[in-house]
Amino acid sequence: MLLPLVTTAFACAAMAARPFLNEPDTGIEDSLSDLAAGTLPDLSDVVALNDFDYVARNYLPVANYTYYRNGAGGEWSYRNNLEVYNRYRFKPSVMSDVTDIQSSLPTTILGYNFSSPFFISPCARADYAHSEAEINLVKGAATGNILYIPSGYSSVPMEMIAENAADGQVLFAQLYLNNNDTQAQSMFTSAEEAGYKAIVWSIDSPGGASRQRAARFDVGSANSMFTRYTWDSYEKFRGMTDLPIILKGIQKAADAKAAIEHEVPAIILSNHGGRNLDGSPSALEVAIEIYKEDPTIFQQIEIYADGGVRYGSDAVRLLALGVRAVGIGRPFMYANVFGQEGVEKVIDIMNTEIAGDAANLGVADLKNMSADLVDWEPNYWFS
């Protein structure tokens, strides 16, 4: 009994002592050692999603970068979002024919066809990275045929974003809804008239957030009021629009079950990128909780998830549990320093990594993955 206790204590001490890193050291600082502050490297020098964080941190004014990077409180939930994936080791199978794995990347989201099982999560103020702001994101999403969900606090009006969409491109509109029914109706009408196909209501922000890093540079939370988010509110809003309303910010299995009871078409597991409540669970932890309580929940409602996804292997873990599509936020905002080409590079990297990691796991078809591909007992030595 003594050995496990000593081992656990040693592991906890090691975790407490280690530095708070932005990204793993995979050699980018050495590779770009001559890169001057405020300049961009060649896009070909970027080989991973975390590279975009490094590049944006070097290139952007500190306030602009901080707006994207910051989290709530001591940023432990932000950190946990990134690190949680590697607490769960894969159980690879061998002797599999994986030659057609790339053909299984396409998926459907609310019945709409997309080429990849990931999407651009709502993130505000894309103009902090590039003058073309959200226009780069909508065009990049069109090229990659992935879903883009513009933020309700986008720097470009939702109508202009929609005007720059490709023919037939599907967009969902993320909104912050409060107690003002007149305002809510106006936003619903604007989304409908602009051609958006669904509403994504962020329900994980009922109050202001303590974002200490952001406060130092005057780029704190846009929401400072307390709001009334209830199931009665959902029923009321559903009667105000013909568009399906997706709930973003589900953080426990009980609320996923409640969403099913209220006939919500889809939910997004999310803690707002760790930006609202420090100590809130990661999307992966919530997905695991749902699976352990009742794996059939993933068949009863479409479930998406975002938060901390930086590798194809992160997405594969979520997909293995039954998550239909995975959202990516900050990497797309960082990549936007390169404009539309940067957005497209994120898509290319993720497609390559998801297919490659699934193949190395022994998966022949992403649609046939199962939770037993992963050991769901956490191993804290890995993160």
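What follows is calculated from the coordinates using simple rules that are stated; it is not laboratory data. Here the structure is a predicted model, which means the values were calculated and not measured. Using ideal geometry, Cβ is built from the backbone for each residue, glycine included, and neighbour counts are taken over all protein chains shown.
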Practice task
Evaluate the charge dipole of the chain about its Cα centre and quote only its size in Debye, nearest 20, assuming +1 on the Cβ of each Lys and Arg and -1 on the Cβ of each Asp and Glu.
Solution key: 940 debye
Problem - DSSP-defined beta bridges in the chain - what % are antiparallel, rounded to 5 - result: 15 percent
Fill in the blank from the handout: Once amide hydrogens are built 1.01 Å from N within the peptide plane, the residues lying 5 or more places from Ala266 or on another chain with amide H under 5 Å from its amide H are Leu247
Completion exercise
A convex hull over the alpha carbons of region 138-297 yields, per residue, a volume in Å³ of 139 Å³
Problem - Ratio of the Cα radius of gyration of region 79-220 to 2.2 N^0.38 Å, where N counts its residues - result: 1.28
Handout entry: region 147-289 - percent relative contact order, Cα under 8 Å, separation 6 or more
Key = 20 percent
Exercise for the section: Go through 339-348, 234-243 and give me the packing order, highest mean Cβ count within 10 Å leading. Expected result: 339-348, 234-243
Fill in the blank from the handout: Scoring region 41-166 by relative contact order with C-alpha pairs under 8 Å, at least six apart, yields a percentage of 18 percent
Practice task
Averaging sequence separations of C-alpha pairs under 8 Å and six or more residues apart, then dividing by the length of the chain, give the relative contact order as a whole percent.
Solution key: 25 percent
Practice task
Over region 33-101, consider all pairs of different Cα atoms and compute the Kirkwood hydrodynamic radius from their mean reciprocal separation; express it in Å, one decimal.
Solution key: 15.6 Å
Exercise for the section: Quick one: Debye curve from the alpha-carbon atoms of region 296-383 only, equal weights, vacuum; give me log10 I(q)/I(0) at q = 0.15, 0.17, 0.23, 0.26 Å⁻¹ to two decimals. Expected result: -0.64, -0.80, -1.20, -1.33
Fill in the blank from the handout: Neighbour-count ranking for His272, His262 (other C-beta within 10 angstrom, fewest to most) reads His262, His272
Exercise for the section: Rank-order 317-327, 365-375 by packing density, defined as the average count of other C-beta atoms within 10 Å over each peptide's residues, highest first. Expected result: 317-327, 365-375
Fill in the blank from the handout: With the convex hull built on the alpha-carbon atoms of region 162-236, volume per residue in Å³ sits at 127 Å³
Completion exercise
In the structure shown, of Lys257/Lys292; Lys139/Lys345; Lys257/Lys367; Lys252/Lys292; Lys197/Lys248; Lys139/Lys197, the pairs separated by more than 20 angstrom at the C-alpha atoms are Lys257/Lys367
Completion exercise
Projecting the Cα atoms of Ser282, Phe332, Gly322 onto the charge dipole of region 237-379, where Lys and Arg contribute +1 and Asp and Glu -1 at Cβ, the residue farthest towards the positive end is Phe332
Practice task
Would you grab the residues whose amide H sits under 5 Å from the one on Phe119? Only those 5+ places off in sequence or on another chain, please, with H modelled 1.01 Å from N.
Solution key: Val326, Gly327, Ile328
Fill in the blank from the handout: Dividing the alpha-carbon radius of gyration of region 101-382 by 2.2 N^0.38 Å, where N counts its residues, gives 0.96
Practice task
Apply the Kirkwood formula to region 228-383: the hydrodynamic radius equals the inverse of the mean of 1/r over all pairs of different alpha-carbon atoms; give it in Å with one decimal.
Solution key: 16.9 Å
